[in-house]
Amino acid sequence: MPPVDVAFPDFNRAPFLVIWEVTRACALACVHCRADAIHRRDPRELTTEEGFRLIDQVRAFGPRPPLFVLTGGDPMRRPDLAELVRHAAQAGLTVALTPSGTAAATPARLAALKDAGLSRIAVSLDGPDPETHDAFRRVRGSYAWTMRIIEAAIDLGVPLQINSTVSRMTLPYLDAMASRVAQFPLTLWALFFLIQTGRGANLEQINADECERVLNDLYDLSLTSPFGIKTTEAPHFQRVVRQREEERLRAGLPTHAVERRRQLRAPRSVNDGNGFVFIDHLGHICPSGFLPVQRGNVRTASLAEVYRADEVFTRLRNANALLDKCGRCRFREICGGSRARAFAATGAVMASDPLCAYQPGPHVEPLATIVPVEAAERGAAVRVG
């Protein structure tokens with residue numbers, strides 16, 4: 001992976017992360033699937049040439065282009081996947097892939113993708129053993145296929161990321177999961193906090209107090225883990241980290257924020273439409289896959305113009321537009337709350353995130369300051385991704 005740029009990013013100009021759902025086809029039937037994946041490819045998917053044009057639009061965001069992730073469904077269902085990876089890598093993008101845990105992700109095919117320029121493989125593991133993982137994925141053998149992908153990535157020397165879902169169903173196994181993922185040479189453990197959308201609409205999420213305990217446990221783990229830790233749809237991890245770092249400073253203990261920034265690669269919160277943009281299999285531009293509010297289509301609109309100027313995107317980046325307790329919170333710039341969860345729960349994208357236990361005062365609090373990198377290197381707390 002390229003060196004980390006720890007400069008504070010301007011998410012109004014360019015996202016940190018662009019995810020393209022290259023297909024919605026997948027052999028799995030995961031209980032949490034936000035895409036409600038289908039068994040066969042949709043003939044209306046972006047073609048190879050349209051995919052090339054999308055990649056060129058991603059590269060055109062600026063001299064430091066976003067990270068680019070090919071996802072699905074199962075991206076391995078696209079026969080032109082290596083062509084897409086090669087075009088993106090040759091354009092100068094850092095390309096990651098999230099294959100499903102199926103027989104389609106063979107070692108030979110993964111090797112071909114590495115040769116095409118793939119920079120990272122991210123695979124989902126939602127249980128520490130075959131029984132728990134396969135129950136979540138609803139396909140017997142998914143755990144074994146996932147292990148094969150992990151082994152292939154290690155053998156190929158491709159940086160490995162493991163994604164895990166946090167829900168009521170997986171909560172009892174998180175400690176065991178932490179021990180399991182520590183057995184692999186990971187670059188990053190990414191935890192996705194359930195959004196009740198798609199197939200996951202009927203899946204139970206954890207409550208705010210449980211979430212607070214999980215985030216604090218992740219902070220504790222981050223102090224000793226050799227891999228980075230990232231949360232998706234739980235941006236209040238930024239607030240927990242900030243509070244815990246402040247506690248360490250008051251106790252005269254060293255902080256670990258600078259190293260964590262290098263591990264996680266993002267120096268601040270990446271949120272729906274705020275440092276993040278998603279393109280679905282039909283080309284629709286959305287703030288994220290968990291917030292599938294269509295704001296244009298790459299077949300007819302400029303990705304950069306939609307991201308920079310669309311009314312929904314600009315509102316999602318405006319901390320002063322947040323409502324209720326999220327709007328009063330001093331961490332509203334650092335965190336911002338999950339806009340996807342707020343929308344799923346209330347129908348309003350700027351409502352408060354119901355998974356956050358923090359209670360600000362009755363009035364709008366002054367913003368928590370952003371500490372420059374040079375101050376962080378002297379031991380001050382900084383934002384993390």
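Annotations
- Ignoring the sites themselves, the chain has its longest run without GluC sites (Glu not before Pro) in a DSSP loop having at most 13 other Cβ atoms within 10 Å at 1-203.
- Where the Cα pairs of the chain fall when distances are cut into 10 Å bins, in %: 5, 24, 36, 27, 8, 1, 0
- Two-decimal log10 I(q)/I(0) for the range 320-376, as the Debye equation yields it once each C-alpha is a single scatterer, q = 0.15, 0.16 Å⁻¹: -0.44, -0.49
- In order through the range 305-315: 3J(HN,Hα) via Karplus (6.51 cos²θ - 1.76 cosθ + 1.60), integer Hz, x for Gly, Pro: 5, 5, 4, 7, 10, 4, 4, 5, 4, 5, 5
- Its Cα gyration tensor gives the range 56-161 an equivalent ellipsoid, and the semi-axes of that ellipsoid, as √(5λ) in whole Å with the largest first, are 27, 13, 12.
- Local charge for Gly273 was computed over the other residues whose Cβ lies under 12 Å away, with Lys and Arg +1 and Asp and Glu -1, and equals +2.
- Here's how it looks for Gly275: its modeled amide H is under 5 Å from those of Phe16, which are all 5 or more places away or on a different chain.
- For Ala348, neighbours were defined as the other residues whose beta-carbon sits under 10 Å from its Cβ, and their charges (Lys and Arg +1, Asp and Glu -1) total 0.
Coordinate-derived values only; no laboratory data. Since the model is a prediction, treat every value here as computed from it, not as a measurement. Using ideal geometry, Cβ is built from the backbone for each residue, glycine included, and neighbour counts are taken over all protein chains shown.
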